[in-house]
Amino acid sequence: MAETSRFPERGTDDKSGIVPFQRKHVKKRSKDLHAFKGYLFDLDGTIYAGSKLLPGVLNTVNWLREQDKSIMFVTNTTIRTKESVQMRLSELGISCEVNEVLTALCVAGRFFQEHEPDACVLMIGEQAMEQELALYGVKMTMDPMLATHVLVGLDRQFTFEKLTAGVNALRNGAKLIAANPDPFCPIDDGVIPDTWSLVKALETASLQKTVRVIGKPSKYYAQKAFDLLKIPPSQCLMVGDRLSTDIQFGNSNDMYTALVLTGADSKKDIVQTGIEPDYILNQLSEIKSKNL
């Protein structure tokens with residue numbers, strides 16, 4: 001596999017949650033794809049694309065439930081609360097409980113609650129971010145001089161004024177926290193800049209670096225998923241369409257991994273990144289039948 005990564009700048013400090021990209025994947029003992037106890041699914045590009053379910057998704061999810069498998073939907077979204085994600089899945093025909101959904105925002109709220117209870121956060125994000133932080137009792141401010149942390153997510157109303165506020169907070173000593181490391185977000189007619197694009201603007205203008213990434217592929221996010229699933233990582237399959245988040249997330253946290261070719265990445269990206277999944281699926285329904 002090639003030794004170059006498309007995102008070499010994201011760092012290697014496990015304590016920060018910025019996970020090094022995997023160069024050599026140790027192959028695990030082969031299992032039937034339907035032999036796992038827990039299944040973790042990314043959403044965009046894996047479960048749905050835009051406003052539509054992807055082929056075979058509904059039948060596969062329903063079949064796994066019939067087999068008494070545990071399911072969790074793990075997403076890096078920062079523009080939806082857990083309840084909003086649950087509602088969207090329900091509208092698409094997939095029934096799930098709120099505790100079967102994990103988002104970068106709810107994990108961020110838990111992080112501040114557990115590790116930075118006295119934080120005063122200047123947020124760059126949308127209404128869902130404010131709602132989730134409030135749910136966990138996180139203090140927020142719009143004053144850059146009062147902020148101890150700057151939390152960044154996707155913000156479709158990002159402005160020069162928000163950039164300036166974030167930069168001044170960071171130059172005043174606030175710590176930069178990225179809700180996820182996603183550079184772009186796919187939409188029906190292309191892509192839009194996501195969290196990491198805004199993070200890089202803040203880093204560039206403030207001359208400061210990100211100290212922690214909350215979402216996939218961080219170990220902290222994985223810990224929260226396992227706390228909910230109560231299943232050992234070795235008995236879980238992480239399924240997603242992005243190598244740098246979904247597959248790296250699984251590989252770095254001792255899960256089996258399956259890249260589904262219905263979203264962002266393709267087989268050629270495995271060579272380019274050096275991030276190797278245990279399985280490659282053309283679509284999700286192959287979980288029901290594939291024996292590798």
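The values are calculated or read from the model by the stated rules, or taken from the named source; none is laboratory data. Note that the structure is a prediction, hence the values are computed from the model and not measured. So basically every Cβ, Gly included, is an ideal-geometry build from the backbone, and we count neighbours across all protein chains shown. Keep in mind that these areas ignore ligands, DNA and RNA; they rest on the heavy atoms of the full protein, side chains included. Shrake-Rupley method; radii C 1.70, N 1.55, O 1.52, S 1.80 Å.
Yes or no, residue by residue, for (1) crowded, with 24+ Cβ neighbours inside 10 Å; (2) of a type in the set (S, T, N, Q); (3) touching a strand residue (DSSP E or B) at 6+ places or on another chain (Cβ under 9 Å):
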residue	(1), (2), (3)
Asp227	no, no, no
Cys236	yes, no, yes
Val239	yes, no, yes
Leu243	yes, no, yes
Asp246	yes, no, yes
Val260	yes, no, yes
Gly263	no, no, yes
Asn282	no, yes, yes
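For segment 94-106, which positions are assigned to a loop (DSSP other than H, G, I, E, B) and open to solvent by 10 Å² or more (accessible area, probe 1.4 Å)? Across segment 94-106, the qualifying residues are Ser95, Cys96, Glu97.
Thr262 - would you say it is in contact with an Asp or Glu (Cβ under 9 Å, 6 or more places away or on another chain), within 19 Å of Ala104 (Cα to Cα) and among the polar types (S, T, N, Q)? No: the conditions fail for Thr262.
Per the conditions (1) farther than 30 Å from Ala264 by Cα; (2) open to solvent by less than 10 Å² (accessible area, probe 1.4 Å), the sole criterion not satisfied by Leu151 is (1).
Looking at segment 172-223 only, could you name the residues that are in a loop (DSSP other than H, G, I, E, B) and polar (S, T, N, Q)? The answer is Asn172, Asn180, Gln208, Ser218.
Per-residue answers, yes or no, for (1) open to solvent by less than 10 Å² (accessible area, probe 1.4 Å); (2) under 19 Å from Asp227 (Cβ atoms); (3) in contact with a helix residue (DSSP H, G or I) (Cβ under 9 Å, 6 or more places away or on another chain); (4) at pLDDT 95 or above:
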| position | (1), (2), (3), (4) |
| --- | --- |
| Ala49 | no, no, no, no |
| Lys52 | no, no, no, no |
| Val85 | yes, yes, yes, yes |
| Ala108 | yes, yes, yes, yes |
| Asp118 | no, no, no, yes |
| Ile124 | yes, no, yes, yes |
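From the list Lys216, Lys175, Lys209, the lone residue that is modelled with pLDDT of 95 or more, open to solvent by 50 Å² or more (accessible area, probe 1.4 Å), in contact with a Ser or Thr (Cβ under 8 Å, 6 or more places away or on another chain) and not β-branched (Val, Ile, Thr) is Lys175.
Within segment 26-47, the set of residues being open to solvent by 40 Å² or more (accessible area, probe 1.4 Å) and modelled with pLDDT of 95 or more comprises Lys37 only.
Count of segment 135-171 residues, restricted to those that are without any contact (Cβ under 8 Å) to a residue 40 or more places away in the chain, part of a loop (DSSP other than H, G, I, E, B) and either touching a helix residue (DSSP H, G or I) at 6+ places or on another chain (Cβ under 9 Å) or under 10 Å from Leu122 (Cα atoms) (or both), is 11.
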